[in-house]
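The structure appears below as structure tokens.
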Amino acid sequence: EGKESPAAESEGEQDSAAEDGQDAAQAGEDSGAEGEAAGSGSSGAGEESEEFGRISEDTITLTLGARYVAGEYTTDFASTDQFQEYEKRLGIRFDVSAYDLEQWPSKLTLMMASDEMPDIIAYANMTCIDVEKYGKDGYLLDFSQYLDIMPNLKKRMEEYPEYAAAITNENGNIYAFSTLTASSEYSMVRPIFMSKKWLDNLNLEEPKTLEDFYNVLKACKEQDANGNGDPTDEIPMGRADTAFWTDMPILWSFGIYGRSEAFYLMPQDGNKIVLGDATENYKEYLRFMHKLYEEELMNVDAFVTTYSEMDAKHQNDKVGYWQTWSHLPGEGSDWIVVSSFTSEYNPVRTNVIYNRADNAYMLAASADSEHPEEIARFVDYLFTYEGAISAQSGYEGVSFDFVEKNGMLQIDYKPYAEAAGFDNTNDFYAQKVIAANVFPIYQVDRKGGLADVMKEMTWEELHSDELYDVGGTNLLKEIAIREEGVQVVSLYPNVKYTAEELETRSTLYTDVYNYLVTAKVQFITGETDIDAGWDAYLAELHKIGLERLLEIEQAAYDRYLGN
């Protein structure tokens, strides 16, 4: 669980990987399109530990191999103002080779196999398996031996011990860097939106209990919730089988915390790791979901429909409860972000947030580079406030200007994008031309930006349509996190495995995950009776090897706590 890589060791983790790549893109799109810099959801950057001057007096050239997402940002990294400023300010020139998503896995393997790894690989999206394998085989630079010249990285590791644990292996080596989000106050896992317009049309309050939620869905099904005169065209709860599981808050209502399609690891009772999918609470969750499916309070094609199909209906005001990456239709006051609901299984409303430490490793360097110290200092620069902003947006006065709106500083890329011959009026797309966004290893709030300013706002100040024009869906998430009576829970952390554990875990995880997904659909649709089939379900999990898998997870989690 957590955040991931297309090269993950199992189908389940591959699915999870695709989600988070999209999540990251959406974080940028929400913030860019609404006037906020990419990398929102983080704060508390602090000041860098030292003033940063040139890394090399005589400009050096580092080879850079980088992955890119088609249609996102420019692929000509070296031509961006951002990279040209690195040469002017730091004395580092990059000779770039860029590869798309399809090319990247084979190119990465070829780099290692042919001993032709560039000095740095960026936006690499490697798993911990990749990092451990290539690191122990001698391909990757061990940054732990350069910590004495990386004061900013050391400071971040001290501030965020979970990040230190994520990047440091059992022997103390640091072979690669995942993304550190300095704060996660409103980096919610799967923010689910409910139409307040529908609630108002039906004269209903926001549901706070699981029973209230069921009654709201039932009213939306039976009445003209969208107010178009047709009481039969509403889908109360939308669900798609492509990384859009609107049952997340329902799971949280049963005290089960995760973000993937299945496989919910949770520490309980003195840090003992259990599989949430094998608990009695999960059985009751399945029973509740079957009730929604049977009564058609969720779309009956939930396990085969695509996101685009369901979101098109949402944009046409046909879906009242849905997770979307598109802009929400209507006004800001038309929507709320849903926390979980209280129930006999979980008496506290809960929101689940991402961990600060991602588990997709974005940056590594060659152990054979002729410039290891310069690379270490460049990575250290990316952990400063200025370096982090440069990786997201470039430099003020070069790539963007600050403009003030509604009491906060927003980034304006358009003058510089237009000068580069780009005429799209949307800031997010303008940013794509300005910044390469291949070094996303430290996500910070801009000082005076949306996230920074919202933290100082009162509850009343957060509720304004004017602020929604700037804050977009991130404002709704902030409100949901800060609502009275809501607790915040972090996802299961990014743990590391030994080589022996990885060898065993890979097959076990795949087998368990695939069975969990299949069984979940069968229980919810009624193909398998929950009561009659539950014992057989548990027996099959044990037959597949659940006990051994949990032993591996427990050992990894214990090491994480030790770190």
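The values are calculated or read from the model by the stated rules, or taken from the named source; none is laboratory data. Being a predicted model, the structure only gives us computed values, none of them experimental. Cβ coordinates were reconstructed from backbone atoms using ideal geometry, including for glycine residues, and neighbour counts include every protein chain displayed. SASA here: full protein model, heavy atoms, side chains in, ligands and nucleic acids out. Shrake-Rupley method; radii C 1.70, N 1.55, O 1.52, S 1.80 Å.
List the number of the failed condition for A357; all other conditions in (1) under 14 Å from I192 (Cα atoms); (2) touching a residue at least 24 places away in the same chain (Cβ under 8 Å) hold. Unmet for A357, out of (1) under 14 Å from I192 (Cα atoms); (2) touching a residue at least 24 places away in the same chain (Cβ under 8 Å): (1).
Of the residues contained in region 483-497, none is found to be assigned to a helix (DSSP H, G or I) and either modelled with pLDDT under 90 or over 24 Å from the mean Cα position of the chain (by Cα) (or both).
For region 205-230, taking the residues that are of a type in the set (K, R) and part of a helix (DSSP H, G or I), the one that is surrounded by the fewest Cβ atoms within 10 Å (Cβ to Cβ) is identified as K218. Summed over region 74-114, the residues that are in contact with a strand residue (DSSP E or B) (Cβ under 9 Å, 6 or more places away or on another chain), among the small types (G, A, S) and not in a helix (DSSP H, G or I) give a count of 3. Among the residues of region 513-522, just one is open to solvent by 10 Å² or more (accessible area, probe 1.4 Å) and touching a Leu at 6+ places or on another chain (Cβ under 9 Å), namely Y515. Looking at region 471-482, is at least one residue out of contact with any Leu (no Cβ under 8 Å at 6 or more places or on another chain), farther than 30 Å from L546 by Cβ and open to solvent by 50 Å² or more (accessible area, probe 1.4 Å)? Looking for residues that are out of contact with any Leu (no Cβ under 8 Å at 6 or more places or on another chain), farther than 30 Å from L546 by Cβ and open to solvent by 50 Å² or more (accessible area, probe 1.4 Å), one finds none in region 471-482, hence no.
Of the residues making up region 130-150, not a single one is under 30 Å from A240 (Cβ atoms) and of a type in the set (V, I, T). Does N271 satisfy being touching a residue at least 60 places away in the same chain (Cβ under 8 Å), surrounded by fewer than 22 Cβ atoms within 10 Å (Cβ to Cβ), over 22 Å from the mean Cα position of the chain (by Cα) and more than 15 Å from N346 (Cα to Cα)? The answer is yes for N271.
Of the residues making up region 141-171, those that are open to solvent by 30 Å² or more (accessible area, probe 1.4 Å) and within 19 Å of I55 (Cβ to Cβ) number 8.
Among the residues of region 247-263, those identified as open to solvent by less than 10 Å² (accessible area, probe 1.4 Å) and over 13 Å from M188 (Cβ atoms) are D247, I250, L251, S253, F254, I256, G258, S260, E261, A262, F263. When restricted to residues that are buried (at least 20 other Cβ atoms within 10 Å of the Cβ), more than 20 Å from the chain's Cα centre (by Cα) and either at positive phi or of a type outside the set (A, V, I, L, M) (or both), region 118-129 contains 1. Looking at region 77-93, is at least one residue touching a Leu at 6+ places or on another chain (Cβ under 8 Å) and at pLDDT 85 or above? For region 77-93, residues touching a Leu at 6+ places or on another chain (Cβ under 8 Å) and at pLDDT 85 or above: present. Taken over region 446-463, the residue count meeting the criterion of being surrounded by fewer than 22 Cβ atoms within 10 Å (Cβ to Cβ) and out of contact with any Gly (no Cβ under 8 Å at 6 or more places or on another chain) is 12. The set of residues from region 275-284 being touching a residue at least 12 places away in the same chain (Cβ under 8 Å), more than 16 Å from S490 (Cα to Cα) and not hydroxyl-bearing (S, T, Y) comprises L275, D277, A278, N281, K283, E284.
Right, R505: open to solvent by 50 Å² or more (accessible area, probe 1.4 Å), touching a residue at least 40 places away in the same chain (Cβ under 8 Å) and not polar (S, T, N, Q) or not? Taking the combined requirement at face value, the residue does not satisfy it. Taking the criterion of being within 14 Å of F177 (Cβ to Cβ), part of a helix (DSSP H, G or I) and either under 24 Å from the mean Cα position of the chain (by Cα) or of a type in the set (F, W, Y) (or both), the residues of region 362-386 that qualify are F378, V379, D380, Y381, L382. With respect to the conditions (1) open to solvent by 10 Å² or more (accessible area, probe 1.4 Å); (2) assigned to a loop (DSSP other than H, G, I, E, B), R190 falls short on a single one, namely (1).
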